[in-house]
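A quick write-up on the structure given underneath.
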Amino acid sequence: MSVFMDVPLAQKLEGSLLKTYKQDDHPNKMFLAYKVCMTSQGQPWVSSVVRKTRTQIAQDPSLNFEYTPVMGMKSFIQASLNLLFGKNSQVIMENRAGGVHTVGDSGAFQLGAQFLKTWRRDSQIVYIISSQKEPHGLVFQDMGFTVYEHTFWDSARLCLDPSMLLDVVERAPHGCIFVIGNISNCKLTHGQWTQLMVLMKSKQIFPFFDIPYQGLATGDLEEDSRFLQYFVSQGFEFFCSQSLSKNFGIYDEGVGILAVVALNNQLLLRVLSQLMNFAWTLWLNPPTTGARIITSVLCNPAMQAEWKQSLEGVVENVMMTKEKVKEKLRLLGTPGSWDHITEQKGSHSYLGLNSQQVEYLVKKKHIYIPKNGRINFTCINSYNIDYITESITEAVLFTKDSEK
């Protein structure tokens, strides 16, 4: 008898929505939930400078492809930290920010959670708050943390509500861990930032930030990570997962760092030494192709300028698409206000549809979107925008009629 007899077949990781879409043979089917940025031709977006750099690296005879240190590529880590905080920032100049080269989009959370499980044994409660449900919860759950997940999207008022974030912090217990994603999309006032940090300090809450696509929210790299400076200036110590796959368009590389900010260099070195021990057992040596591409771009002023320009182009296209969707819905006489579409930052934003309207789009119009109505606006282009907006109008009118 096989030792694997009792092992059940796991649910496919690609999710049921994508699976249903692939099985659908309707000619007008559309999938608006891809994680990656798409071009107007419906292909994954890749920065033009990345393609050139990849070719140059492949032809470089000086590369010996030797194993990297456990910490990863030092030049990549430093370039990533400079991008995250600014080359001349306080925390870089004081040498109290460091990082470890991580694997995949969840590698930083895997590494950070392992450290916190071992060295913050009195803090085994994790709050995850973002604009959507995040996959990090599974990482912390698998390590035995008690996880509470919250979103600051207010589906009733159709907005990202910073007061929801503050409410969660007020209710959170002393000494817990706070994983915060997409906080730059949540428009906190100066007073709310102050209130948030006072609350977190008084409760000794440890922040663990997630920056998955710096530069793709506003088109401004500094603006997308500016909130980190608030926490640095107030003397916080924290972790930050910085993924660099999406904003370079090298999705298959899954590359980033776990950034660490400590009160001084001595404490930083202690933390990094422990993180390297965990990295040794998790992956030993991180892959370097993606890291080499990113380092080459970030360390070359001309290439970095070209990359920044490509990010600005993506963001401008997203903003233009959102404006077009909103305007078409207005011209179609679609009931309700659609200002919330253009008020949100980034490629992924909420349409503001209820579950019945989402179901109508999926089953009747073959437009596949998540149950929460948060779609990837780069999936909308000149070829499908009319069908999509007309279908949304149809869904809204249908559900309104059914309520009568």
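The values are calculated or read from the model by the stated rules, or taken from the named source; none is laboratory data. Values in this document were obtained by computation on a predicted structure and should not be read as measured data. All Cβ positions, even for glycine, are placed from backbone atoms using ideal geometry, and neighbour counts span all protein chains on display. All accessible areas refer to the heavy atoms of the entire protein, side chains included, with ligands and DNA or RNA removed. Shrake-Rupley method; radii C 1.70, N 1.55, O 1.52, S 1.80 Å.
Rolling a 1.4 Å sphere over the protein heavy atoms, what is the accessible area per residue of the chain, to the nearest Å²? Could you put the intermediate results ahead of the total?
Details: 19920 Å² over 404 residues.
On a per-residue basis, 49 Å².
Just the number, please: carbon plus sulfur as a percent of the accessible area of region 228-363, 1.4 Å probe, no ligands or DNA/RNA counted. Mind showing how you got there, number by number?
Values: 3020 of 5820 Å².
C and S atoms contribute 52 percent here.
Can you match mean projected area of the Cα convex hull in nm² to one of these, [x] 28.6; [y] 22.2; [z] 23.9, based on a calculation from the structure here?
After the calculation, the listed value that fits is [z].
For the chain, modelled as a Gaussian network with Cα springs under 10 Å, which listed residue fluctuates most, Asp24, Asp60, Asp167?
Result: Asp60 has the largest fluctuation of those listed.
At 15 Å minimum axial length over the Cα atoms and a Kyte-Doolittle cut of -1.0, report the qualifying DSSP H helices in the chain, or say none. Don't jump to the answer; show the numbers that get you there.
Values: long enough: 48-58 (16 Å, -0.35); 74-85 (16 Å, 0.90); 107-119 (18 Å, 0.27); 190-202 (18 Å, -0.10); 265-282 (25 Å, 0.70); 301-331 (45 Å, -0.61); 385-403 (27 Å, -0.02).
Helix filter hits for the chain: 48-58, 74-85, 107-119, 190-202, 265-282, 301-331, 385-403.
Using the Kirkwood radius over C-alpha pairs as Rh, can you work out the diffusion coefficient of region 164-231 via Stokes-Einstein at 20 °C, viscosity 1.002 mPa s, in µm² per second?
Details: Rh = 12.6 Å.
The diffusion coefficient I find is 170 µm²/s.
What size of dipole, in debye to the nearest 20, comes out for region 2-97 about its Cα centre when the only charges are +1 on Lys and Arg C-beta atoms and -1 on Asp and Glu C-beta atoms? Before the final figure, lay out each step's value.
Values: 11 positive and 7 negative charges, 63 e Å.
I would put it at about 300 debye.
Within 12 Å, Cβ to Cβ, of Phe231, how many net charges do the neighbouring residues add up to if Lys/Arg are +1 and Asp/Glu are -1?
That sum, taken over residues with Cβ under 12 Å, equals +1.
Could you calculate the contour length gain from Glu312 to Ala10, that is, 0.36 nm times the residue separation minus the distance between their Cα atoms, to one decimal place in nm?
On the way: separation 302, 0.36 × 302 = 108.72 nm, distance 4.03 nm.
In short, 104.7 nm is gained.
For the chain, what is the charge dipole size about the Cα centre, in debye to the nearest 20, if Lys and Arg each add +1 at the Cβ and Asp and Glu each add -1 at the Cβ?
Numbers: 38 positive and 37 negative charges, 33 e Å.
I would put it at about 160 debye.
If you take the charge dipole of the chain about its Cα centre, with +1 on Lys and Arg Cβ and -1 on Asp and Glu Cβ, which of Gly191, Thr53, Gln242 is farthest toward its positive end?
Highest projection toward the positive end goes to Gln242.
Taking N as the number of residues in region 175-316, what is its Cα Rg relative to 2.2 N^0.38 Å?
On the way: Rg = 16.6 Å, N = 142, 2.2 N^0.38 = 14.5 Å.
Relative to the 2.2 N^0.38 Å estimate, region 175-316 comes out at 1.15.
For the chain, what does the helix formula give at 222 nm: sum of -39500 (n - 2.57) over DSSP H segments with n ≥ 4, over the residue count, nearest 500 deg cm²/dmol? Provide the component values of the computation, followed by the final result.
Numbers: 16 runs with 184 residues, N = 404.
Helix-only estimate at 222 nm: -14000 deg cm²/dmol.
Any chance you could run the full-extension gain for Ser273 through Asp339? It's 0.36 nm times the residue separation minus the Cα-Cα distance, nm to one decimal.
Details: separation 66, 0.36 × 66 = 23.76 nm, distance 4.87 nm.
The span from Ser273 to Asp339 would gain 18.9 nm if fully extended.
Using 0.36 nm per residue of separation minus the Cα-Cα distance, give me the extension gain between Gln192 and Asp60 in nm, one decimal.
Values: separation 132, 0.36 × 132 = 47.52 nm, distance 5.04 nm.
Separation in residues times 0.36 nm, less the Cα-Cα distance, equals 42.5 nm.
Using only the alpha carbons of region 114-247, what is the convex hull's orientation-averaged projected area in square nanometres? Can you show the working numbers first?
Working: hull surface 33.1 nm².
Averaging across all directions leaves 8.3 nm² for the Cα convex hull.
Heads up, I need the accessible area for Phe398: 1.4 angstrom probe, whole protein in place, Å², nearest 10.
Ignoring ligands and nucleic acids, Phe398 comes out at about 100 Å².
Over the chain, what is the relative contact order in whole percent, taking alpha-carbon pairs under 8 Å and six or more residues apart?
On the way: 630 pairs, mean separation 93.9, N = 404.
With pairs under 8 Å counted, the relative contact order is 23 percent.
Among Ser2, Gln141, Ser349, whose Cα lies farthest out toward the positive end of the dipole of the chain, if unit charges sit on the beta carbon of Lys, Arg (+1) and Asp, Glu (-1)?
Farthest along the dipole direction, towards plus: Ser2.
If you roll a 1.4 Å probe over region 1-145 with all protein chains in place, what percent of the accessible area is carbon or sulfur? It would help to have the intermediate numbers written out before the result.
Working: 4790 of 8780 Å².
Taking all protein chains in place, region 1-145 shows 55 percent carbon and sulfur surface.
Given R₀ = 25 Å, what would the calculated FRET efficiency be for Arg330 paired with Gln23, taking r from the Cβ atoms and rounding to 0.05?
Values: r = 35 Å, r/R0 = 1.40.
The calculated FRET efficiency here is 0.10.
For Leu263 and Lys363, FRET efficiency with R0 = 56 Å and r from the beta-carbon atoms, rounded to 0.05? Could you put the intermediate results ahead of the total?
Values: r = 55 Å, r/R0 = 0.98.
Once rounded, the FRET efficiency stands at 0.55.
First measure r as the distance between the Cβ atoms of Met320 and Ser2, then evaluate 1/(1 + (r/R0)^6) with R0 = 56 Å and state the FRET efficiency to the nearest 0.05. Walk me through the numbers on the way to the answer.
Details: r = 57 Å, r/R0 = 1.01.
Once the sixth-power term is evaluated, E becomes 0.50.
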